[in-house]
Amino acid sequence: QVQLVESGGELVQTGGSLRLSCAASGHLFSGAVMAWFRQAPGKEHEFVAGILWSTGRTFYVDSVKGRFTVSRDSAKNTVNLQMNSLKPEDTAVYYCAAGRVVSSSRGTYNSWGQGTQVTVSS
């Protein structure tokens with residue numbers, strides 16, 4: 001199983017930017033799907049963005065399209081989430097996850113990081 005460690009979360013003002021990183025240890029097979037989820041207080045986990053490890057094809061939830069960019073660095077075994085034009089509603093704990101199927105469903109991912117807190121002040 002892959003171990004995932006997120007970093008980069010912090011307090012930022014509305015309109016600001018943050019870059020989250022997810023470092024993966026262990027073998028990421030070529031067909032892996034890497035995803036970012038988030039969980040706001042009192043809410044369910046929400047799929048944010050995903051990327052196919054082999055091709056770099058990306059997927060986003062509608063609410064972040066045009067603001068967030070997911071990318072991967074195969075040499076460093078990392079997945080990044082560049083977040084621009086942040087809004088208070090983006091406040092959440094952000095989790096990195098690894099799975100085998102492109103899906104927005106939390107249950108299809110079998111490796112998870114511990115999460116990193118992103119807080120956007122208004």
What ³J(HN,Hα) values, in whole Hz, does the Karplus curve 6.51 cos²θ - 1.76 cosθ + 1.60 give for the stretch 81-93 when θ = phi - 60°, with x put for Gly and Pro?
10, 8, 10, 10, 6, 5, 10, x, 6, 7, 4, 4, 8
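Work through the residues other than Ser85 whose Cβ is under 13 Å from its Cβ and net out their charges, Lys, Arg +1 and Asp, Glu -1. Write down the numbers at each step before the final one.
Values: positive: Lys65, Arg67, Lys87; negative: Glu89, Asp90.
Its environment carries a net charge of +1.
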When the chain is treated as a Gaussian network with springs between alpha carbons less than 10 Å apart, the largest mean-square fluctuation among Ala92, Ala23, Ala75 is found at Ala75
Can you give the local net charge around Glu44? Use residues other than it whose beta-carbon is closer than 13 angstrom to its beta-carbon, Lys and Arg +1, Asp and Glu -1.
+2
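Where a ≥ b ≥ c are the square roots of the eigenvalues of the C-alpha gyration tensor, would you call the chain rounded, which needs a/c under 1.5, or, failing that, prolate if a/b is larger than b/c, or oblate?
Numbers: a/c = 1.69, a/b = 1.61, b/c = 1.05.
In terms of gyration-tensor shape, prolate.
Shape call for the stretch 17-79 from the C-alpha gyration tensor, a ≥ b ≥ c root eigenvalues: rounded (a/c under 1.5), prolate (a/b greater than b/c) or oblate? It would help to have the intermediate numbers written out before the result.
On the way: a/c = 1.84, a/b = 1.62, b/c = 1.14.
Note, shape of the stretch 17-79 comes out prolate.
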Using the Karplus curve 6.51 cos²θ - 1.76 cosθ + 1.60 with θ = phi - 60°, work out ³J(HN,Hα) for each residue of the stretch 107-122 in order, rounded to whole Hz, and write x for Gly and Pro.
x, 8, 10, 10, 10, 9, x, 8, x, 9, 7, 10, 10, 10, 8, 8
3J(HN,Hα) from dihedral phi, the stretch 27-40, Karplus parametrisation 6.51/-1.76/1.60, rounded to Hz, x for glycine, proline:
8, 9, 5, 4, x, 5, 10, 10, 9, 10, 10, 9, 9, 8
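Coordinate-derived values only; no laboratory data. What you see is a predicted model, and the numbers here were worked out from it, not measured in a lab. Cβ: placed from backbone, ideal geometry, glycine included. Neighbour counts: every protein chain shown.
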